[in-house]
Amino acid sequence: MMQRLVWYLELSGRELEQLELVVDFAAGQGVSLRTVFVEDEYLLRCGELPCSREISLLTGRVRPLSSRQLEWQLRRRRERTELRLEAMARQRELEWSREVTRGRLEVLLSATGDDMAVLIQGGGEPLPSWLPGLGRPLLLLGEGFRPLNQVLVALESVDDTGLLEQGLALAGRSRWPLWVLVPAAQSDVLAPLLAEKGLNEAVLPLRHWSLAAWLAAGTDRASLLLARANSPGLTDNSITGINAILLLPAKT
């Protein structure tokens, strides 16, 4: 179940464009938001090089760049972002907290943990290559995210009751319809488990097991798709049109 989202916000990225999307989602789900401002260590190391330069967006002039300048710029961006975040959270009655860390975004997101991390998936961007080794639940929100109104569960194995239970809990909490996507070749194997859960009428067998097929099965509704991060269906990693995907770590 969602209780708290952890958003690793890269200060050198497009955080201001994504701020409202994440805040609205957390507030809409009634969960708290922990914002971790990430200072990219590789970027800061660039400032230590004597040849480092930056180009002014306003004047086009080239000027020297130091680690101290980069730290100051990142601090200013964080302060501006915190002010907006605080105002939006207060308006939406969202419980939130903040912290600052230094590192690489992909390392922080793939680390083991219990909290659900959140990442914005840009249109046309490939899925992260480190997903199969995911150590915590990860929520991918599309840039064109719409408020959720149904749950899709990509169920591959009769042993993966955890994924199914998570989908049932999320659908039941919000009173959304639940659909279970299964590989057509495994329909007979999975049928007893789904019948036990009273989900006979909610099964959607798919001949092609891929992210594109999963999203197409959701029709034009705003779906929350649940899947395992190491699913073979995620090998098609150039897909667009993601609304929201909750990826759970590989089943152990």
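The values are calculated or read from the model by the stated rules, or taken from the named source; none is laboratory data. Since the structure is predicted, the reported quantities are computational estimates derived from the model, not experimental observations. No Cβ is skipped: glycine too gets one built from the backbone with ideal geometry, and neighbour counts run over all protein chains shown.
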**Report entry** strands (runs of 3 or more DSSP E) contained in region 1-83 and holding at least 3 residues at pLDDT 75 or above
**Finding:** 4-10, 32-40
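Name the one entry in P132, P137, P126 that is at pLDDT 75 or above, surrounded by fewer than 14 Cβ atoms within 10 Å (Cβ to Cβ) and either over 21 Å from L33 (Cβ atoms) or assigned by TED's automatic domain parsing to the domain that holds G162 (or both). Let's see the steps before the verdict.
Details: P132 fails: surrounded by fewer than 14 Cβ atoms within 10 Å (Cβ to Cβ); P137 fails: surrounded by fewer than 14 Cβ atoms within 10 Å (Cβ to Cβ).
None of the others qualify; the one that does is P126.
If we only count strands (runs of 3 or more DSSP E) wholly inside region 121-196, which ones have 1 or more residues that are free of Cβ contacts under 8 Å to residues at least 60 places away in the same chain? Before you say what the answer is, go through the steps one by one.
On the way: elements: 138-142, 150-154, 178-183.
Output list reads 178-183.
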Report summary line: Only unsatisfied item for D160, checking (1) more than 20 Å from the chain's Cα centre (by Cα); (2) surrounded by fewer than 16 Cβ atoms within 10 Å (Cβ to Cβ); (3) among the acidic types (D, E), is (2)
Requested in this report: Count, please, the residues in region 166-203 that happen to be surrounded by fewer than 16 Cβ atoms within 10 Å (Cβ to Cβ) and of a type in the set (V, I, T).
Outcome: 1
Report task. Evaluate the following for L108: is it modelled with pLDDT of 85 or more and of a type in the set (A, V, I, L, M, F, W, C)? Result -> no
